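The next block holds one structure in the form of structure tokens; read it before the comments.
Every number here is computed from the coordinates shown, using simple stated rules; none is lab data. Being a predicted model, the structure only gives us computed values, none of them experimental. Here Cβ is always computed from backbone atoms with ideal geometry, including for glycine, and neighbour counts include all displayed protein chains.
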Amino acid sequence: MAVDYSIIGERLKKARLGNSMTQEDLAEKLDVSVAFLSRVERGSSHINLKRLSQVCSILDVDEGYILNGVSADSDNYLENEFHDLLKACSPEKQKLIYDIAKVIAKS
């Protein structure tokens, strides 16, 4: 699965605005240029995991939400992962996974 940096950037921007921060405020706290932060929010520059962790800490947002759109704290955080997993499987494997999951769920 390819990383979509534009979606990550949109989520970071939303979190920044939710904290009533300007790009200048966040860039200063991160010790990066406003231009770099702007490119990250547009998805035209990549952000490494260390820097992402710093941003999430400052904005008090879960890294899982920024990367996947859901937080590990939410009830349905694996929904997207299961969907992607099943989409990559043949119909026969999907049926097998379903049958196994049904047995486990009944236990």
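Some notes on this structure:
- Helix 5-18 axis, angle to the chain major axis (alpha carbon atoms, nearest 10°): 60 degrees
- For Ser45, net neighbour charge (Lys/Arg +1, Asp/Glu -1) across residues whose Cβ lies under 11 Å away: +2
- Footprinting exposure proxy ranking of Leu86, Leu49, Leu12, fewest other C-beta atoms within 10 angstrom first, gives Leu49, Leu86, Leu12.
- Each residue of the chain gets 108 Å³ once the volume of the Cα convex hull is shared out per residue.
- Ranking Ser53, Thr22, Gly43 by how far each Cα lies toward the positive end of the dipole of segment 1-72 (charges on Cβ) leaves Gly43 at the top.
- From helices alone, the chain scores -20500 deg cm²/dmol at 222 nm; the rule is -39500 (n - 2.57) for each run of n ≥ 4 DSSP H residues, then divide by the residue total.
- In summary, the lysines within cross-link reach of Lys14, defined as a Cα separation below 19 angstrom excluding same-chain residues under 8 places away, comprise Lys29.
- Under-5 Å amide H pairs with Ser45, H placed in peptide plane, nonlocal only: Val40
- Here the Gaussian network model covers the chain, with springs between Cα atoms less than 10 Å apart; of Lys29, Lys14, Lys50, Lys50 fluctuates the most.
- Neighbour-count ranking [beta-carbon atoms within 10 angstrom, fewest first] of Cys56, Cys89: Cys89, Cys56
- Candidates Asn48, Asn68, Asn19, ranked by Gaussian network fluctuation over the chain, Cα under 10 Å, top entry: Asn48
- Gained length - Ile97 relative to Ser38, 0.36 nm times residue gap less alpha-carbon distance: 17.0 nm
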